[in-house]
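A quick write-up on the structure given underneath.
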Amino acid sequence: EAGVAQSPRYKIIEKRQSVAFWCNPISGHATLYWYQQILGQGPKLLIQFQNNGVVDDSQLPKDRFSAERLKGVDSTLKIQPAKLEDSAVYLCASSRLGLAVYEQYFGPGTRLTVT
Amino acid sequence: GQQLNQSPQSMFIQEGEDVSMNCTSSSIFNTWLWYKQDPGEGPVLLIALYKAGELTSNGRLTAQFGITRKDSFLNISASIPSDVGIYFCAGQDQGAQKLVFGQGTRLTINP
């Protein structure tokens, strides 16, 4: 079974620029999560989707971050405009519907550097 | 918001030594979890704990869910080079279907 795919793996941008990350979850996984992991910290949930609906986006900085999962499969996370403090690894995770929240599989992440 | 504090932040040990790390919270959690993250990869679940006082093993790993439901520890026995990585604790509040992660313990093994 293929794992969670993310691209790009690395991205370097200047502050005030825009950036987008893509995630393809494990086939059949209805729930998709985006996490932000700042260097030296644990992952922090940004947004959770169930199919193409948002379950929790309480920690998403909505003034600059947006995410969508239009067809209930792939998802895109966008930052516009980026700030220096957005430098982090952005992790995508997915799980089957009905399973415990911790039964999620993480992708390798996208490392973003904002200069 | 809820916070988890892990200690130590880093450990430098010799191969073959036992390792112990712990995690404390200001809040009660119904589920405690331990993950390992290798460089360039996402976290991988090692052990899940569901009941206060529960002691669970997974090979050389042993973890316990504290009686107060506000802490947990992870032990690794007879460490080997592939144990190198960052270990995260995480808690799940039954009311909120999401995980809260600690800041991690970085394990380095000296040859």
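Quick note: the coordinates plus some simple rules give every number you see, no bench work behind them. All figures in this text were calculated on a predicted structure; none of them were measured in a lab. All Cβ positions, glycine included, derive from the backbone under ideal geometry; neighbour counts span all protein chains shown.
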Tell me, which strands (runs of 3 or more DSSP E) lie completely within the range A:1-62 with 2 or more residues that are under 23 Å from A:LYS83 (Cα atoms), away from chain B (no Cβ under 13 Å) and of a type outside the set (Val, Ile, Thr)? A:19-24
Tally time: how many residues in the range A:38-72 are within 21 Å of B:GLY91 (Cβ to Cβ) and crowded, with 22+ Cβ neighbours inside 10 Å? 5
Yes or no: A:GLN104 under 10 Å from the mean Cα position of the chain (by Cα), within 9 Å of chain B (Cβ to nearest Cβ) and within 15 Å of A:HIS29 (Cα to Cα)? no
Exactly one of B:GLN97, B:GLN103 is outside any strand (DSSP E or B) and without any contact (Cβ under 8 Å) to a residue 12 or more places away in the chain, and that residue is B:GLN97
Go through (1) aliphatic (A, V, I, L, M); (2) surrounded by fewer than 20 Cβ atoms within 10 Å (Cβ to Cβ); (3) under 13 Å from the mean Cα position of the chain (by Cα) and name the single condition B:LEU74 misses. (2)
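Can you name the strands (runs of 3 or more DSSP E) wholly within the range B:1-42 that have at least 3 residues being closer than 17 Å to A:PRO43 by Cβ and in contact with a Ser or Thr (Cβ under 6 Å, 6 or more places away or on another chain)?
Fully inside the range B:1-42 and qualifying: B:4-7.
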Mind telling me which of the residues B:GLN92, B:GLN103 ends up being within 14 Å of chain A (Cβ to nearest Cβ), within 11 Å of B:TRP32 (Cα to Cα) and not hydrophobic (A, V, I, L, M, F, W, C)? B:GLN92
May I ask you to list the residues in the range A:100-115 that are in contact (Cβ under 8 Å) with a residue 40 or more places away in the chain and either surrounded by fewer than 22 Cβ atoms within 10 Å (Cβ to Cβ) or not in a strand (DSSP E or B) (or both)? A:GLN104, A:TYR105, A:GLY107, A:PRO108, A:GLY109, A:ARG111, A:LEU112, A:THR113, A:VAL114, A:THR115
Condition set of a type in the set (S, T, N, Q) and not in a strand (DSSP E or B), scope the range A:76-99, selection farthest from the other protein chains (Cβ to nearest Cβ): answer is A:GLN80
Within the range B:21-49, which residues are more than 9 Å from chain A (Cβ to nearest Cβ) and exposed (fewer than 13 other Cβ atoms within 10 Å of the Cβ)? B:SER26, B:PRO39
